[in-house]
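What follows is one structure encoded as structure tokens, with my remarks underneath.
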Amino acid sequence: MVIGDAAAASGVTAKMIRHYEAIGLLAPARLPNGYRDYAARDVQVLRFIRTARGLGFGLEEIRRLLALWQDRGRASAEVRKIALGHIADLERKAADLSAMAATLRALAAACHGDHRPDCPILDRLENPE
């Protein structure tokens, strides 16, 4: 199938399909005329990548997960290790986002939000300490 059909079947844009090929996550066959020829397995790989990206996995994590997925002799412990590491990263990011929201909430509460020019939000951005 051509790239447009693979994109429609996988839910991944043609631009991202080309990117995934360029970085080695996908290797579709080539026709004699040079066009890519996507097989059903390529669409499965693209769906796998799309789902992993939706869960926030980075490209290197996805590369490792793809290798494990394609290795029927894999140890699930390695997959679990990657997932637990990603969970820890997500939890750190969530904590950072919560702290940012709390800071902004306090600054917004201190801002009068009226016609006066003084604003603690802008003051904090100017002088973060």
Considering only Leu107, Leu65, Leu25, give the residue with the highest GNM mean-square fluctuation for the chain, with springs between Cα atoms whenever their separation is below 10 Å. Leu107
Given a cut-off of under 8 Å on Cα pairs at least six residues apart, what relative contact order in percent is computed for region 1-57? 39
Suppose only helical runs count, i.e. DSSP H with n ≥ 4. What mean residue ellipticity at 222 nm does that imply for the chain under -39500 (n - 2.57) per run, divided by all residues and rounded to the nearest 500 deg cm²/dmol? -21500 deg cm²/dmol
What number results when the radius of gyration of region 48-97, computed over Cα atoms, is divided by 2.2 N^0.38 Å? 1.20
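Given Cα pairs under 8 Å that are at least 6 residues apart, what percent is the relative contact order of the chain? Show your work: numbers first, answer last.
Working: 75 pairs, mean separation 19.6, N = 129.
Reported as a whole number, the value is 15 percent.
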Evaluate E = 1/(1 + (r/R0)^6) for Arg41 and Ala75, where r is the Cβ-Cβ distance and R0 equals 35 Å; express this FRET efficiency to the nearest 0.05. 0.95
Computed for the chain: size of charge dipole around the Cα centre, +1 on C-beta of each Lys and Arg, -1 on C-beta of each Asp and Glu, debye to nearest 20, value 740
Under the classification rounded if a/c is under 1.5, otherwise prolate if a/b is larger than b/c and oblate if not, where does region 1-57 fall, given a ≥ b ≥ c as square roots of the Cα gyration tensor eigenvalues? prolate
Cut-off 10 angstrom, C-alpha nodes, Gaussian network model of the chain. Which of Gly58, Gly11, Gly113 fluctuates the most? Gly113
Once both labels are modelled 7 Å past Cα along the beta-carbon direction, what's the Ala106-Leu84 spacing in nm? 3.5
Convex hull (Cα only) mean projected area of region 75-129, reported in nm² to one decimal: 5.0
Under a point spin-label approximation (7 Å from Cα along Cα-to-Cβ), what is the Arg116-Ala29 distance to one decimal in nm? 7.3
When Lys and Arg each count +1 and Asp and Glu each count -1, what net charge do the other residues less than 11 Å away from Leu68, Cβ to Cβ, add up to? +3
Taking the chain as a Gaussian network, where each spring joins two C-alpha atoms under 10 Å apart, which residue of Ile23, Ile62, Ile87 fluctuates the most? Ile23
Report the extension gain between Arg124 and Asp96 in nm, rounded to one decimal, defined as 0.36 nm multiplied by the number of residues separating them, less their alpha carbon distance. 8.3 nm
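Every number in this text was worked out from the coordinates using simple rules, so none of it is lab data. Quick caveat, the model's predicted, so the values are computed rather than measured. Neighbour counts run over all protein chains shown; Cβ positions are idealised from the backbone, glycine included.
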